[in-house]
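Structure, as C-alpha cells:
The values are calculated or read from the model by the stated rules, or taken from the named source; none is laboratory data. If you're wondering where the values come from, they're calculated on a predicted model, not measured in any experiment. Glycine gets a Cβ as well: all are built from the backbone with ideal geometry, and neighbour counts include every protein chain shown.
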Amino acid sequence: MKRILATLALPTALALGMLGFGVVAGPAGAAQTHATMKAHTWHGKVGKLNETMGTTESFNLVVGAKTYVVHYDAMTHWVMGSKKNIKVGALVTVTGTLTHSTIAAAKLSA
C-alpha cells in the first residue's frame with residue numbers, strides 16, 4: 001500500500017509543484033517588465049476629447065502622422081496649465097509610458 005501511494009503521490013506532487021512554480025513565475029516576470037519601462041515625452045495637438053471612464057480621462061494626441069490615446073487622472077502631475085486647457089487643437093506636452101498606441105500620462109503641460 002505504501003508503495004502504491006508513493007508511486008502516485010510523488011508524480012502528482014511534482015506536477016502540482018511545477019504548475020505552482022509556473023503560475024508564480026509568470027506575473028513576477030511581467031511586473032518586472034512594466035517596472036523597467038522608460039518614460040518618454042511627446043509634443044502634439046489635441047485631436048479629440050474622449051469620454052470620461054470613471055476617474056480616468058483621455059484625449060487623442062496627434063503627433064505628426066500618428067495618433068495616440070492619452071490617459072490621465074488625479075495622480076497626473078500638471079507641469080503647466082490645467083485640465084481646463086485641454087481643448088481640441090491645443091498644444092500639449094505629455095510625458096509617460098507607451099503601451100501599443102496608449103500613453104499613460106505621468107506629466108502633462110497644456
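Computed values, structure above
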| read-out | value |
| --- | --- |
| The stretch 43-57, residues that are in a strand (DSSP E or B) and acidic (Asp, Glu) | Glu57 |
| Of all residues making up the stretch 58-76, the number that are in contact with a Ser or Thr (Cβ under 9 Å, 6 or more places away or on another chain) and either outside any loop (DSSP other than H, G, I, E, B) or closer than 10 Å to Ala105 by Cβ (or both) | 11 |
| Qualifying residue in the stretch 44-64 (condition: modelled with pLDDT of 90 or more, in the same structural domain as Gly89 (by TED's automatic domain parsing), loosely packed, with under 10 Cβ neighbours inside 10 Å and closer than 21 Å to Thr95 by Cβ) | yes |
